[in-house]
Every structure is written in structure tokens, then in C-alpha cells.
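Presented below is the structure to which this report refers.
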Amino acid sequence: GAGVSQSPSNKVTEKGKDVELRCDPISGHTALYWYRQSLGQGLEFLIYFQGNSAPDKSGLPSDRFSAERTGGSVSTLTIQRTQQEDSAVYLCASSLGGAARGYTFGSGTRLTVV
Amino acid sequence: GESVGLHLPTLSVQEGDNSIINCAYSNSASDYFIWYKQESGKGPQFIIDIRSNMDKRQGQRVTVLLNKTVKHLSLQIAATQPGDSAVYFCAEVNDSNYQLIWGAGTKLIIKP
């Protein structure tokens with residue numbers, strides 16, 4: 001596609017429920033990143049996928065968070081048993097390689113846990 | 001740990017004036033620095049970057065200055081326009097690491 005697409009754009013969920021956030025990267029981009037952004041704050045790295053390599057999950061805040069990338073394209077970030085502190089904007093970005101300069105971000109999914 | 005931070009959380013500028021947004025960093029080993037612009041409801045957009053072996057780089061209406069002596073980075077926006085209203089983030093990166101280290105952001109407000 002022309003850009004990075006994320007869905008849904010907004011998600012309100014009850015505490016304790018599971019949620020899935022989707023990211024469609026730019027076609028051909030081998031690298032995909034998930035970040036989390038709290039209101040008025042910078043971006044917190046969550047996970048990184050590069051080609052067929054094992055993902056770097058070092059940024060995932062707890063074992064309730066997981067992500068997968070199928071066929072080297074679409075990625076899904078899953079949060080199990082959501083907590084109120086999970087409320088944030090979840091941003092996905094893709095790039096041709098590891099070069100940060102080439103990041104293209106999606107518009108994010110605003111998650112609200114009530 | 002290493003960090004990148006901003007001096008001012010909010011900056012108000014008269015339309016037409018120049019804006020200067022500042023950033024301090026602590027990792028002298030970073031290979032380059034990037035400025036991103038984030039408008040409300042959107043993801044960050046790349047504005048300009050500068051490698052650590054440079055002092056200045058110019059783009060369209062924007063200039064980035066790097067002072068390695070005091071570990072300071074600035075973004076200058078000439079003739080600020082209403083469309084420049086956004087939150088601006090600086091970030092640093094090492095060539096050996098794909099991760100960006102982000103600052104907290106500066107909100108730029110344009111006064112008519």
C-alpha cells in the first residue's frame with residue numbers, strides 16, 4: 001500500500017479482556033516495529049521484526065504482550081488481560097531495512113482500557 | 001542509562017517568526033540524530049536528520065544544528081507557519097542498532 005495502515009484506529013476495551021491490534025506495513029518493507037506512546041510522551045519501543053530473523057522482543061513490558069508477523073507482511077500485536085496502564089497509542093512503523101531514517105509510521109491505534 | 005531529552009515542553013511562537021526547538025542527548029556514541037514532527041492524531045513524520053560527523057544540515061525551511069561538545073541538538077524552523085503546529089521529537093540512533101532513543105517531545109504552538 002501507499003503507507004502503513006493500522007486498525008482499528010480506536011479501541012475501547014474492558015479491563016481483563018484481550019485485544020488485537022493490526023499493522024499492514026508498506027509493501028516490500030522488511031523491517032517492522034511496534035512502539036507505544038502515552039499521552040504527551042515519547043515513543044517506547046516494544047518489538048522489532050526483520051525479515052525471517054527472530055524478532056527482538058526486548059521492549060515488551062510483560063508476558064501479556066505478544067506480537068507476530070505472518071508471511072513477512074502483516075503484524076498483529078496482542079495484549080492479554082488488559083490493564084488500565086495499557087491505555088496508550090500503539091504505533092507501527094516499517095522500513096526497507098534497519099535504517100531508522102527510513103521509518104514510516106502508521107497513524108496508530110488509540111487503546112483505552114476502562 | 002543513555003537518554004535524549006528536551007529543554008522545553010511547550011514553545012509558543014508568533015506566525016512568521018523563526019522557531020528553535022532544543023534537545024540534549026547523553027550518548028556521545030550515537031551515529032546520527034533525527035527530528036520527527038507529530039501532528040495530532042498522526043504518527044511521527046521524518047523531518048531531517050544529521051550524522052554525528054556534521055555540525056549543520058539544512059532542509060526546506062528547517063535547519064538542524066549539532067553541537068557535540070555540549071551534546072546539544074536543535075531544530076530551527078524559518079518563518080513558522082500554522083501548519084508547523086505539532087509535537088517535535090528528537091531521537092538518536094546507532095548504526096549498529098535499529099532502535100531509536102526518543103525524547104519526550106516539544107509542543108510547538110503558533111500564535112496568529
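The values are calculated or read from the model by the stated rules, or taken from the named source; none is laboratory data. Just so it is clear, the structure is predicted and the values come from calculations on it, not from any experiment. FYI the Cβ positions are ideal-geometry reconstructions off the backbone, even for glycines, and counts take in every protein chain you see. To get the accessible areas, we keep the full protein, side chains included, count just its heavy atoms, and leave off ligands, DNA and RNA. Shrake-Rupley method; radii C 1.70, N 1.55, O 1.52, S 1.80 Å.
When the residues of region A:11-30 are filtered to those that are over 16 Å from the mean Cα position of the chain (by Cα) and at pLDDT 95 or above, the one that is surrounded by the most Cβ atoms within 10 Å (Cβ to Cβ) is A:Thr13. Of the residues making up region B:81-97, those that are part of a loop (DSSP other than H, G, I, E, B) and either at the interface with chain A (Cβ under 9 Å from one of its Cβ atoms) or over 15 Å from the mean Cα position of the chain (by Cα) (or both) are B:Gln81, B:Asn94, B:Asp95, B:Ser96, B:Asn97. Taken over region B:98-112, the residue count meeting the criterion of being within 19 Å of A:Gln41 (Cα to Cα), open to solvent by 10 Å² or more (accessible area, probe 1.4 Å) and more than 9 Å from chain A (Cβ to nearest Cβ) is 1.
Picking from residues in region A:47-93 that are of a type in the set (D, E, K, R) and either at positive phi or in contact with a helix residue (DSSP H, G or I) (Cβ under 9 Å, 6 or more places away or on another chain) (or both), the one that is least open to solvent (accessible area, probe 1.4 Å) is A:Arg64.
The residue of region A:102-114 that is nearest to the other protein chains (Cβ to nearest Cβ), among those that are more than 13 Å from A:Glu20 (Cβ to Cβ) and either surrounded by 22 or more Cβ atoms within 10 Å (Cβ to Cβ) or in contact with a Phe, Trp or Tyr (Cβ under 7 Å, 6 or more places away or on another chain) (or both), is A:Phe105. I'd like the residue in region B:25-41 that is open to solvent by 30 Å² or more (accessible area, probe 1.4 Å) and modelled with pLDDT of 90 or more and, out of all such residues, is farthest from A:Ser94 (Cα to Cα). Checked region B:25-41; the qualifying residue farthest from A:Ser94 (Cα to Cα) is B:Glu39. Of all residues in region A:34-43, which are within 11 Å of B:Ala104 (Cβ to Cβ) and surrounded by fewer than 21 Cβ atoms within 10 Å (Cβ to Cβ)? Those that are within 11 Å of B:Ala104 (Cβ to Cβ) and surrounded by fewer than 21 Cβ atoms within 10 Å (Cβ to Cβ): A:Ser38, A:Gly40, A:Gln41.
From the list B:Ile21, B:Ile77, B:Ile50, the one residue that fits, being buried (at least 17 other Cβ atoms within 10 Å of the Cβ), more than 26 Å from A:Tyr90 (Cβ to Cβ) and more than 11 Å from chain A (Cβ to nearest Cβ), is B:Ile77. Evaluate region A:38-53: report whether one residue or more is more than 8 Å from chain B (Cβ to nearest Cβ) and closer than 19 Å to A:Gly3 by Cβ. Within region A:38-53 (the criterion being more than 8 Å from chain B (Cβ to nearest Cβ) and closer than 19 Å to A:Gly3 by Cβ), the answer is yes, since at least one residue qualifies. With respect to B:Leu65, is the statement that it is in contact with a strand residue (DSSP E or B) (Cβ under 7 Å, 6 or more places away or on another chain), open to solvent by less than 60 Å² (accessible area, probe 1.4 Å), over 25 Å from A:Leu91 (Cα atoms) and part of a strand (DSSP E or B) true? Spelling it out, B:Leu65 is indeed in contact with a strand residue (DSSP E or B) (Cβ under 7 Å, 6 or more places away or on another chain), open to solvent by less than 60 Å² (accessible area, probe 1.4 Å), over 25 Å from A:Leu91 (Cα atoms) and part of a strand (DSSP E or B).
Can you go through A:Ser73, A:Ser87 and tell me which one is more than 8 Å from chain B (Cβ to nearest Cβ), under 15 Å from the mean Cα position of the chain (by Cα) and at pLDDT 95 or above? Show your work before the answer.
Numbers: A:Ser73 fails: at pLDDT 95 or above.
Selected residue: A:Ser87, the only one of A:Ser73, A:Ser87 that is more than 8 Å from chain B (Cβ to nearest Cβ), under 15 Å from the mean Cα position of the chain (by Cα) and at pLDDT 95 or above.
Cβ separations smaller than 9 Å between residues 6+ apart or across chains give the following pairs from region B:25-44 residues that are on the phi > 0 side of the Ramachandran plot and facing chain A (nearest Cβ under 10 Å) to residues that are of a type in the set (Gly, Ala, Ser) and assigned to a loop (DSSP other than H, G, I, E, B): B:Gly41/A:Ser9; B:Gly41/A:Ser107; B:Gly41/A:Gly108.
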